[in-house]
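Inspection log for the structure reproduced underneath, given as structure tokens.
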Amino acid sequence: MIGVLILAGGEGRRMRGQDKGWCVRNNKAFIEVVLQQIQRQAERVAQTVTIVISANRNLPDYSNLGPPVVSDIRSGYCGPLAGIEAVMNEPSLSHINRWITWPVDSLNIPDHYLLHMLALESEVSFISQHRRAHYAHLSISKELKNSLSSYLDSKRNSIKGWLQSISHSGGEVHEVDISSYMSITNYNHFDTVNEHREMENNLMLR
């Protein structure tokens, strides 16, 4: 069973504290744009795909979108790894064998992204583009649940650091260079968002 986790639980420090999921582009909230893309791609996958939202505020608004919403089990904002840990430890989602993560500020991912990520069979994979790693775009086996919790217990929360710890302990970490056939743009910084002409009229809702 496959799970797609929309990462929308961040503190939004680079977005001046705004909840990125509810920033608006072309009259649609980021979370609505991303959810629509995932649902469209999930229809092309032979396996059943469960979509889950990781969020820590505006929970009623996220819940109204339909997919289950899971909040961090750790206090404070511990980054995307805490959101991944929460879904991996959610009893109602224990049937999920592999998680594909999708940051809520990634709005323009090609239609074949989900199929591509599902084809990656290593313990954990991340993508890179033009020598830049996109660590929040992951394909993760459920077998790494304990590794993730142990890493967070050590008061570390860097995705890159977690992947390095897996590699150093003999685990399988796979980097996938997508430069030649895929392009990813993350709208994850307030100034960057407002530099994009098509986003000049963005509203910060929450």
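The values are calculated or read from the model by the stated rules, or taken from the named source; none is laboratory data. None of these values were measured; they are calculated from a predicted model. Note that we place each Cβ from the backbone using ideal geometry, even for glycine, and neighbour counts take in every protein chain shown.
Hey, does region 103-120 have a residue that's touching a strand residue (DSSP E or B) at 6+ places or on another chain (Cβ under 6 Å) and under 17 Å from Pro68 (Cβ atoms)? Yes, region 103-120 contains a residue that is touching a strand residue (DSSP E or B) at 6+ places or on another chain (Cβ under 6 Å) and under 17 Å from Pro68 (Cβ atoms). Exactly one condition in (1) within 28 Å of Asp19 (Cβ to Cβ); (2) surrounded by fewer than 20 Cβ atoms within 10 Å (Cβ to Cβ); (3) among the charged types (D, E, K, R) is false for Asp105; which is it? Failing condition for Asp105: (2). Taken over region 127-149, residues that are over 17 Å from Ile51 (Cα atoms) and out of contact with any Lys or Arg (no Cβ under 9 Å at 6 or more places or on another chain) amount to 14. Checked against the criterion of being in a loop (DSSP other than H, G, I, E, B) and under 17 Å from the mean Cα position of the chain (by Cα), the candidates Tyr62, Tyr77 yield just one match: Tyr77.
Note on region 108-206: enclosed strands (runs of 3 or more DSSP E) holding 1 or more residues that are closer than 22 Å to Ile31 by Cβ and either in contact with a Cys (Cβ under 8 Å, 6 or more places away or on another chain) or at pLDDT below 95 (or both) are 124-129, 132-141. Considering region 46-66, and only residues there that are hydroxyl-bearing (Ser, Thr, Tyr) and surrounded by 20 or more Cβ atoms within 10 Å (Cβ to Cβ), the residue that is farthest from Met1 (Cα to Cα) turns out to be Tyr62.
For residues that are assigned to a loop (DSSP other than H, G, I, E, B) and under 12 Å from the mean Cα position of the chain (by Cα), scanning just region 1-52, find the one that is modelled with the highest pLDDT.
Filtering first and then ranking leaves Ala8.
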